[in-house]
1. Students sometimes get this wrong: rank E196, E276 by accessible area, probe 1.4 Å, all chains present, largest first.
2. Loop-only check: which trypsin sites (Lys or Arg not before Pro) in region 269-338 are DSSP coil with at most 13 other Cβ within 10 angstrom?
3. Determine how many Å³ per residue the convex hull of the Cα atoms of region 356-494 encloses.
4. What GluC sites (Glu not before Pro) does region 477-518 have in DSSP loop regions with at most 12 other beta carbons within 10 Å?
5. What are the aspartates and glutamates whose alpha-carbon lies under 14 Å from the alpha-carbon of K517, with same-chain residues fewer than 8 places away excluded?
6. At 1.4 Å probe size, what's the solvent-accessible area of H337? Round to the nearest 10 Å².
7. Ordered by residue, what ³J(HN,Hα) values in Hz, to whole numbers, does region 213-226 give under the Karplus form 6.51 cos²θ - 1.76 cosθ + 1.60, where θ = phi - 60° and Gly and Pro are x?
8. Just to confirm my numbers, what's the Cα centroid distance between region 411-455 and region 526-576 in Å?
Amino acid sequence: MVSRRNFISIFIMMGVLLFMFQFSQVIKESQSSYDVNSYVREQKLSGKERWMMPVLSTQKEADYESGDFVVFLGKEDSAMGQVVAQWCLYTKRKLVVYDNYRDYRFTTQHMPEAILVDSNVVDLAQGAISFESMTNAGVTMIFCNLPKPAAINRNSMLKRLMGISDVYMEEIEVEGVHLFGDFLLGGEAFYRAEKEEDEELQDMDLTMPWYITSGGTKTYMVGMLDELLKDNEDKNELFPALIWRSNYNQGKVFVVNGDFLESMMGIGILDAMMYEDSSYDIYPVVNAQNVMVVNFPGFAGENDGQMRELYSRDTESVLRDVFWPTISGLTDRNRYHLTCLMTPQYIYSDQIEPSGSMLAFYLQQFKEFTAEAGLSLERWNDTTLEEKLERDGEFYTSLKEQYVYSALFVRNEDLEQLEKLMPAQRFLRNINTVTREYQETEPIVDYFNDDITLQSTTVEAQIHTYSDDLRVRCIETALGYSNILFDMNQVIWPENEKDQWETVSEKITSNLDTYWKPFMAFEMTSLSESDDRIRTFLNLDYEHRREGDTVYLEVTGVDEGWFILRIHGERISGIDGGDYQEIESGAYVIHAQQRNVEITLEKSRGLLNYGVE
């Protein structure tokens, strides 16, 4: 039995603890501005000062310095032409395009840094002699795709130039694709379905010509064949080659067997080739890793019946008590700065209206978990974008909260119309960045207009196929950027058991914990933080050179910038004017904090592997 004295002591102790916890929470809430978006900066770089790729005239090419421009022999408005132009824009290169390759007059006095060739436009067999003379002068050539195997087989000079010893088969179906390490960031990868459950991941085109490369070539990606794997694991030249490099005369020749350079993954492949072409390479990147949770939270119980059937509670409770704890847990494991893009409702004709009673709760939660709130323009049925904007504007205006919404998600089909309707919407007046779904030939990052940036998603969180993985590696290599789309439509409106939260959340967690580990050196950002990085990336200009063991970098147009430095068999021993972080062996993120940066290099411990075939 508890004595009166002990009872009073226990009562006082419990009272003190209760007061302390309650008081600390009161202080916490009073000092935390949950209705303030701390990720939004007032002063931003403008698209008016963006770096513009010089329009180089083919008539005045003799005025350009050697190594100061790139030549593309192909159609400017083709898919490949758009990718090449975007690569030059991102890396601040000058570009000259010849729609008719016969108009190009190569001279050793004005040699380009590289010549890129589209075989859909250029007859490679007829141009073989010209291409050989270019390599004799030491120019780097990139054959961005290949003609029919029979056309190559008939031309021995073309085969020698490309480092092809034999066109073994005009078509073969391989078991998978092997990406070798030290080409794209992220290391070696095997895109092959070893287990039955992996078969849904295999979405690559596995039918290809079988080219056997010559001795002295260096292969970067090949098709995998069981019949060769047993006894020829170290003989890469025997496997069907997809991307390789041949050293021919004084120049280097890169060859792509496939359509990899006809989508935005090509910008990463081109950067990797430039790195393989020299002792080092340095180029600007965004340095931002985003995770967007689109259509979360919602504020209308439009699917309460199904939610009660699956989770024994209404939509509001499911979002708060079931979905949110798992979503917020992502930040604890991976330091993600989530951006949750809210939608008041999906259907505007069902008489179920949204309620903003939970908005304050979510703003508090977002603040606690370093997340940001944004807006989504998702809608269903026959509601027009104009009607959606009008209804959402009324909803957000009625809440009278002070939070600044800086990020907006929109479907691709609405992008053009949004640009026309946006100025009339007061609730969108603070939008600084618009994000949309990935498209193969559209820019990954750009300006939507002079005041607003445009960010593309790069992959979906729920699905990560082999093609997705290759795209992620390419875009990370080129831009140090990812924008992962986690669309909550699937779980709020489930169609089968695979759409239920337990299954979807487990898949998402596994994907995020696995596929982005090689890129943890890049910074985790919200969309507003990424917006700032994108403005810096698009506005800066730079020059670099190497003297001995020192790389000199000069940055103009911005106060700071981020770069990737890739070096063969060396490492950074010191830096002046910035700092750095290692991504992987031979690759670093450079943060330039002054106009002039000096990076000192030294030999890595171990063997120098540059140029080893």
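The values are calculated or read from the model by the stated rules, or taken from the named source; none is laboratory data. In this text, all values refer to a predicted model and were calculated from it rather than measured experimentally. Virtual Cβ from ideal backbone geometry, glycine too; neighbours counted across all protein chains shown. All accessible areas refer to the heavy atoms of the entire protein, side chains included, with ligands and DNA or RNA removed. Shrake-Rupley method; radii C 1.70, N 1.55, O 1.52, S 1.80 Å.
1. Numbers: E196 150, E276 0 Å².
My answer, sorted largest first, is E196, E276.
2. Details: sites: R308, R313, R320, R333, R335; in loops: R313, R335.
For trypsin sites (Lys or Arg not before Pro) across region 269-338 that sit outside H, G, I, E and B with at most 13 neighbouring Cβ atoms in 10 Å, the list reads R335.
3. Residue-normalised Cα hull volume stands at 146 Å³.
4. Numbers: sites: E495, E497, E502, E506; in loops: E495.
Counting only loop positions with at most 12 other Cβ atoms within 10 Å, the GluC sites (Glu not before Pro) in region 477-518 are E495.
5. E188, D469, E476, E582, E584
6. Near enough 40 Å² of accessible area.
7. 7, 7, x, x, 7, 10, 9, 10, 8, 9, x, 9, 10, 4
8. Answer, in whole Å: 27.
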